[in-house]
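Q: Shown below is the structure under consideration.
What follows draws every value from the coordinates through simple rules; no lab data is involved. From a predicted model like this one, the values you see are computed outputs, not experimental measurements. We place every Cβ from the backbone using ideal geometry, glycine too, and count neighbours over all the protein chains shown.
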Number of protein chains: 2
Amino acid sequence: MTLHKAKKTYHHGDLRAGLLSSARMLLEEQGISALGLRAITRHAGVSSAAATPHFGNLMGLLSALATVGYEELAAALEPVLEEGAHAVGLVYVRFAILNPGLFTLMFRSDVIDRNEPALAAARARTSGMLTRLIDSLGGQQPQRTQAGTRAALWGKVHGLAVLAIDGFLDVLLSSQGEGLSLEDLLEDALR
Amino acid sequence: MTLHKAKKTYHHGDLRAGLLSSARMLLEEQGISALGLRAITRHAGVSSAAATPHFGNLMGLLSALATVGYEELAAALEPVLEEGAHAVGLVYVRFAILNPGLFTLMFRSDVIDRNEPALAAARARTSGMLTRLIDSLGGQQPQRTQAGTRAALWGKVHGLAVLAIDGFLDVLLSSQGEGLSLEDLLEDALR
DNA sequence: GGCGTAAACTTATCAGTGATAAGATTATTT
DNA sequence: AAATAATCTTATCACTGATAAGTTTACGCC
């Protein structure tokens with residue numbers, strides 16, 4: 001009787017997860033502008049005020065969704081951390097391409113609250129992984145250029161992700177080499 | 001009599017420029033979320049419907065503001081185009097740091113309309129300058145890696161700009177070398 | 001020079017948004 | 001079993017961007 005999702009009850013299981021799932025679906029299918037409180041709750045089959053006990057307000061909900069993003073990104077990066085910057089960069093950009101809406105949301109500080117404890121924690125964990133990786137590279141450089149090297153690497157990876165989401169890399173691809181896939185381009189760019 | 005700005009008249013000079021100026025001030029001082037139609041028109045001392053004849057709607061106004069951004073960026077890049085990628089990258093990132101709100105707006109496709117003719121033209125002009133510059137570099141490379149090199153360079157510069165706006169570079173700076181300025185860091189990173 | 005048309009701007013109003021207080025329903029604790 | 005607390009709904013509020021209708025000014029034309 002008790003199915004996985006008991007939809008009929010007044011309290012239906014965990015609305016928190018349901019709202020996050022609805023928000024994510026709307027985000028990836030219709031973009032960030034579709035992330036209204038009413039749209040999300042309507043998609044979850046619930047009244048527009050039902051999100052309040054779980055998230056407080058819309059920004060709280062979107063911050064929780066961004067938290068999921070940081071956690072998933074960390075989970076994707078962790079297995080390849082030992083393989084070096086090239087592999088990590090590839091996974092980073094791939095994550096952005098596969099979850100463009102979520103990735104974009106994670107950096108929209110006007111819509112999410114970066115002081116939210118859970119979000120700040122997930123963010124710190126993820127960026128700590130990257131910082132440690134970057135620190136392990138080129139340790140024998142003169143100290144003056146170390147920070148520059150880190151910034152360059154980080155900037156390149158993040159910039160490629162943003163450009164890929166915005167479709168600039170496809171422009172680069174189609175304008176020139178024909179037999180080149182996006183994966184190949186990233187391989188070369190991250191070398 | 002006819003001063004530069006005749007404020008008292010019913011039609012006051014060019015409201016179009018006045019609204020763009022108000023929007024820009026609000027943008028840089030209070031962030032993108034302060035860019036409401038009512039806030040902008042109120043700041044310009046005009047009714048909330050006064051923007052309609054000039055811009056159609058809010059998205060039209062913000063698209064025009066982003067157009068200004070692309071034009072200013074192009075004007076800043078043009079004088080250093082001959083000096084190579086390093087100088088151009090530096091100017092690019094400096095522009096982002098000096099106009100963080102405007103730079104961010106230029107890439108927020110949910111708030112501006114990229115099909116707006118003037119915006120599309122300014123955008124094409126600016127990115128054409130960068131494309132030509134990138135094409136002039138490393139022409140003797142094997143063609144397979146050419147697109148990769150372009151993407152890497154473009155990604156690095158744009159990524160550094162985004163990271164700088166988000167404050168990540170300051171984190172990198174303060175966590176390590178003390179006697180390093182942001183300019184020095186960018187110098188090294190863009191090498 | 002005056003008239004008529006078009007443009008700029010205001011006022012008033014509308015549907016839609018996120019937030020919230022108050023009430024109804026179910027879980028949980030004792 | 002009763003009491004308390006949590007979840008969810010309903011109703012409402014202030015606010016937003018858009019728009020139609022009306023008012024004021026500019027401008028081309030005779």
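Q: As a check on your reading of the symmetry: which chain B residue has its Cβ nearest the axis that brings B onto A, and how far is it in Å?
A: Per the Cβ-to-axis criterion, the result reads B:GLY159, 1.
Q: Angle, helix B:15-30 long axis vs. longest principal axis of chain B, Cα atoms, 0 to 90°, nearest 10?
A: Once rounded, the angle reads 60 degrees.
Q: A further question follows. Given Cα pairs under 8 Å that are at least 6 residues apart, what percent is the relative contact order of chain B?
A: Here the relative contact order equals 20 percent.
Q: Across 10 Å bins from 0, what is the distribution of all Cα-Cα pair distances for segment A:83-191, in whole percents?
A: Values per bin, smallest distances first: 12, 38, 33, 15, 1.
Q: Could you check the simple spin-label distance between B:ALA39 and B:ARG125, using points 7 Å along Cα→Cβ, in nm with one decimal?
A: Rounded to a tenth, the inter-label distance reads 2.9 nm.
Q: To the nearest 0.05, how large is the calculated FRET efficiency for A:ARG132 and A:SER47 if R₀ is 56 Å and r is the Cβ-Cβ distance?
A: Details: r = 45 Å, r/R0 = 0.80.
The calculated FRET efficiency here is 0.80.
Q: Taking the inverse of the average 1/r across all pairs of different Cα atoms in chain A, what Kirkwood radius in Å do you get?
A: About 18.6 Å, per the Kirkwood formula over Cα pairs.
Q: Residue by residue through segment B:67-73, what is 3J(HN,Hα) from phi via Karplus (6.51 cos²θ - 1.76 cosθ + 1.60, θ = phi - 60°)? Round to whole Hz and write x for glycine and proline.
A: With the stated coefficients, segment B:67-73 comes to 4, 4, x, 5, 5, 5, 5 Hz.
Q: Taking a label point 7 Å from Cα toward Cβ, how far is A:GLU29 from its twins in the other copies, in nm, shortest first?
A: Here A:GLU29 shows inter-copy label distances of 4.3 nm.
Q: Another one. Work from the charge dipole of the protein assembly as shown (Cβ charges, +1 for Lys and Arg, -1 for Asp and Glu, about the Cα centre) and give the residue of B:TRP154, A:LEU172, B:GLY167 farthest towards its positive end.
A: B:GLY167
Q: Going by alpha carbons, how many degrees (0 to 90, nearest 10) lie between the helix axis of A:85-98 and the longest principal axis of chain A?
A: 40 degrees
Q: Also, quick follow-up: Once the label point is set 7 Å along the Cα-to-beta-carbon vector, what list of distances in nm do you get between B:GLU71 and its counterparts in the other copies?
A: 4.8
Q: Using the Kirkwood radius over Cα pairs, work out the Stokes-Einstein diffusion coefficient for the protein assembly as shown at 4 °C and 1.567 mPa s, in µm²/s as a whole number. Walk me through the numbers on the way to the answer.
A: Details: Rh = 22.9 Å.
Calculated translational D: 57 µm²/s.
Q: To the nearest 10 degrees, how steeply does helix A:117-136 sit against the main Cα axis of chain A, on a 0 to 90 scale?
A: Around 20 degrees separate the two axes.
Q: Please give the charge dipole size of the protein assembly as shown, origin at the Cα centre, charges +1 on K and R Cβ atoms and -1 on D and E Cβ atoms. Round to the nearest 20 debye.
A: Roughly 1360 debye for the protein assembly as shown.
Q: A follow-up question, please. Let me spell out the model: positive unit charges on the Cβ of Lys and Arg, negative unit charges on the Cβ of Asp and Glu, origin at the Cα centre of segment A:57-189. What dipole size does that give, in debye rounded to 20?
A: The dipole of segment A:57-189 has a size of about 600 debye.
Q: Please state, to two decimals, what the Cα-based radius of gyration of segment B:7-56 comes to when divided by 2.2 N^0.38 Å (N = residues). Display every interim value, and only then the final one.
A: Values: Rg = 10.5 Å, N = 50, 2.2 N^0.38 = 9.7 Å.
Ratio of Cα Rg to 2.2 N^0.38 Å: 1.08.
Q: Report the gain in length on full extension from B:SER109 to B:HIS86: 0.36 nm times residue separation, minus Cα-Cα distance, nm rounded to one decimal.
A: Working it through step by step, the gained length comes to 5.5 nm.
Q: Rounded to the nearest 500, what is the 222 nm mean residue ellipticity of the protein assembly as shown from helices alone, with -39500 (n - 2.57) per DSSP H run of 4+ residues and division by all residues?
A: Computed ellipticity for the protein assembly as shown at 222 nm equals -20500 deg cm²/dmol.
Q: Report, for A:ASN57, each distance to the same residue's label point in the other copies, shortest first and in nm; define the point 7 Å along Cα→Cβ.
A: 2.5
Q: Sorting check: for A:73-84, A:146-157, A:97-108, which peptide has the highest mean count of neighbouring beta carbons within 10 Å, and how do the rest follow?
A: Values: A:73-84: 15.0, A:146-157: 23.1, A:97-108: 19.7.
Output ranking for A:73-84, A:146-157, A:97-108: A:146-157, A:97-108, A:73-84.
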